[in-house]
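J.: My questions all concern the structure below.
The values are calculated or read from the model by the stated rules, or taken from the named source; none is laboratory data. On a predicted model such as this, the values are computed, not experimentally measured, just so you know. Cβ atoms come from the backbone with ideal geometry, glycine included; neighbour counts cover every protein chain shown.
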Amino acid sequence: MKGFTAREGAAVAELDDEERMVIARIVADVGLLLGGEQFGMDSPIDRDAGADEADEIFRHLRGLEESLAEPDDPAVLRLLPSASKDDRDVADEFRRLTEHDLRDLKVARLRTMWAQLSEDGPDWAVAPADAMSTAAALTDVRLVLASRLRLASDEDAERLHAEIDLATHVLATDAEDDLDVDPERVWLGMLYQALTWLQESLVQFAMEEDAGE
């Protein structure tokens, strides 16, 4: 994986087939979580993966597919936060007036990003005009992962980084029997880190584009 850099007037990241497949799948899952229709999986991303391989790659994402936009789902509440924590009537009225449009906007951004990832080849190309909307869609995906990983503070994030470092040590030393590592949490944590890094490189591209105008 290589972060976004300027190339021929666009922001371009490089992903291998598995990386594209995983990111596209979670983007579609978050769109579904927001109540959007299935983006569809008949793309080069899924057609090129065998059933067994895809099942192994995606087994850590299944928890994201089990809850579809219940109002008490903490992941959905991160995507669609209440306008007021203290006044339930105000919060409910604001949600009634704005939530539908906000959901539609978020789903549309996710769908655009999924379409970008469904293109053939290793390059993930984002036009300058789409850079900040794609970065916003990445924020939504990261918020869902953060909720599933129970990241509510800087200390939680530091603890996750330590767990990933420990898992890296486990893999390097074959110490699985000696160290307690949750493979699902580590896998999602590594995905969260990768998306954070990609988003930072995309925002950097957008800032440089603005500075050059």
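J.: For ARG103, state whether it is surrounded by fewer than 16 Cβ atoms within 10 Å (Cβ to Cβ), at pLDDT below 90 and among the basic types (Lys, Arg).
T.: no
J.: Considering only residues that are free of Cβ contacts under 8 Å to residues at least 12 places away in the same chain and within 18 Å of VAL126 (Cβ to Cβ), which ones fall in segment 8-41?
T.: GLU8
J.: Within the bounds of segment 112-135, is there any residue that is in contact with a Lys or Arg (Cβ under 9 Å, 6 or more places away or on another chain), farther than 30 Å from ALA10 by Cα and of a type in the set (S, T, N, Q)?
T.: So far as segment 112-135 goes, no, none of its residues is in contact with a Lys or Arg (Cβ under 9 Å, 6 or more places away or on another chain), farther than 30 Å from ALA10 by Cα and of a type in the set (S, T, N, Q).
J.: Return the pairs, sorted by first residue and then second, in which the second residue is outside any helix (DSSP H, G or I) and of a type in the set (A, V, I, L, M), the first residue lies in segment 129-157 and is more than 19 Å from ALA206 (Cα to Cα) and free of Cβ contacts under 8 Å to residues at least 40 places away in the same chain, the beta carbons are less than 6 Å apart, and the residues are 6+ apart or on different chains.
T.: Hits for this filter: ALA157/LEU151.
J.: For segment 117-132, how many residues are more than 10 Å from ARG20 (Cβ to Cβ) and in a helix (DSSP H, G or I)?
T.: Of the residues in that region, 5 qualify.
J.: Does VAL107 meet the test of being among the β-branched types (Val, Ile, Thr) and closer than 25 Å to ASP16 by Cβ?
T.: No; evaluated as a whole, the condition is false for this residue.
J.: If you don't mind, another one. Sort through ARG59, ARG20 and tell me the only one that's modelled with pLDDT under 90 and not in a loop (DSSP other than H, G, I, E, B).
T.: Just a single option satisfies the conditions, and that option is ARG59.
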